[in-house]
Amino acid sequence: MSDRQHSARRGAQFSSDELRHAVRGGTRAVIVAQIASQLISLLVLAALYRLIEPADFGLLGMAVPLVLLLRTCATLGLNAAAVQRGQLSPEQLSSLFWINLLIAAITTALIAAGGPLLAVLYQTPQVSPVCASLAATSLVTALGAQHQALLERKLRLGRLSVCRLIGQAFGGAAGVAAALAGWGVWALIVQQYVELLVIDATVWLVEPWRPAAPWRGRPIGDLLLFGGYYSLSNLAFTLAQNLDKVLIAWLLGGTTEGRAML
């Protein structure tokens, strides 16, 4: 068995001393990363708020609930299932990866198709191309989801935090550069894509696991069931968190003031 296969099969098995050390180190890394993330967010937002009109932020806010809802469905909670399961074979990991990509491709098409419907609902034609532009974020997110789950599974939280911070920093820099060039709402979309792509690249670099070609391996029905429950709970949370944005967009999205309020 290769080192990569052994790593995938061994998963999150640790001795008590290894587990204690990994948890302590991971906790410190997560705390430091959260502080750094907040500082980066404040700096980037301070710059973007000066360079981009509030109505452009509102356009993004009108599209984001649909994108987040379908992106939540796209993962089916399979990343959480990969972290939770005590034993995972290389075949199961590969199956989870390809299923994630397949569902993400479907949700990408649904997000793009939902743009014209939102434009009619909100009486704001500009929201349709924004949705179409954001659609592929679902697919880009899925490309790195399995590797992030494996890093969490192995309690390599420091490495994962660094990957996310690098992505956030590059995304913020790209967004500010695009805003300086006068791209408006498109600068915010550039920011999202650059952040996600950089995170994908870095987690693929630090996590050696690679998916095998798709084939029928060991059954993963129980993983799909666990992931489905997890995904439903996230879906309910996302709905509650974005309901106010949907209502404001519906009632006031057709006006510049309403988009600024968003």
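The values are calculated or read from the model by the stated rules, or taken from the named source; none is laboratory data. These numbers come from a predicted model, not from an experiment. Cβ sites come from the backbone with ideal geometry, for glycine too, and all protein chains shown count toward neighbours. The area values use the complete protein model at the heavy-atom level, side chains included, leaving out ligands, DNA and RNA. Shrake-Rupley method; radii C 1.70, N 1.55, O 1.52, S 1.80 Å.
For this structure, a couple of remarks:
- Residue selected from the stretch 137-160 under the condition over 21 Å from Thr72 (Cα atoms) and assigned to a helix (DSSP H, G or I), by the criterion least open to solvent (accessible area, probe 1.4 Å): Gly158
- Among the residues examined, Ala80 does not qualify as of a type outside the set (Lys, Arg), in contact with a Pro (Cβ under 7 Å, 6 or more places away or on another chain) and modelled with pLDDT under 70.
- The stretch 87-113: number of residues that are buried (at least 18 other Cβ atoms within 10 Å of the Cβ), of a type in the set (Ser, Thr, Tyr) and over 16 Å from the mean Cα position of the chain (by Cα): 2
- Considering Val194, Val198, Val190, Val162, the condition of being at pLDDT 95 or above and over 17 Å from Leu45 (Cα atoms) is satisfied by Val198 alone.
- For the stretch 119-136, residues that are part of a helix (DSSP H, G or I) and surrounded by fewer than 22 Cβ atoms within 10 Å (Cβ to Cβ) total 7.
- Flag not set for Leu68, criterion: within 27 Å of Ala174 (Cβ to Cβ) and either open to solvent by less than 50 Å² (accessible area, probe 1.4 Å) or modelled with pLDDT of 90 or more (or both).
- Here the stretch 161-174 is the region considered, the condition is being in contact (Cβ under 8 Å) with a residue 40 or more places away in the chain and more than 21 Å from Val185 (Cα to Cα), and the residue that is most open to solvent (accessible area, probe 1.4 Å) is Arg164.
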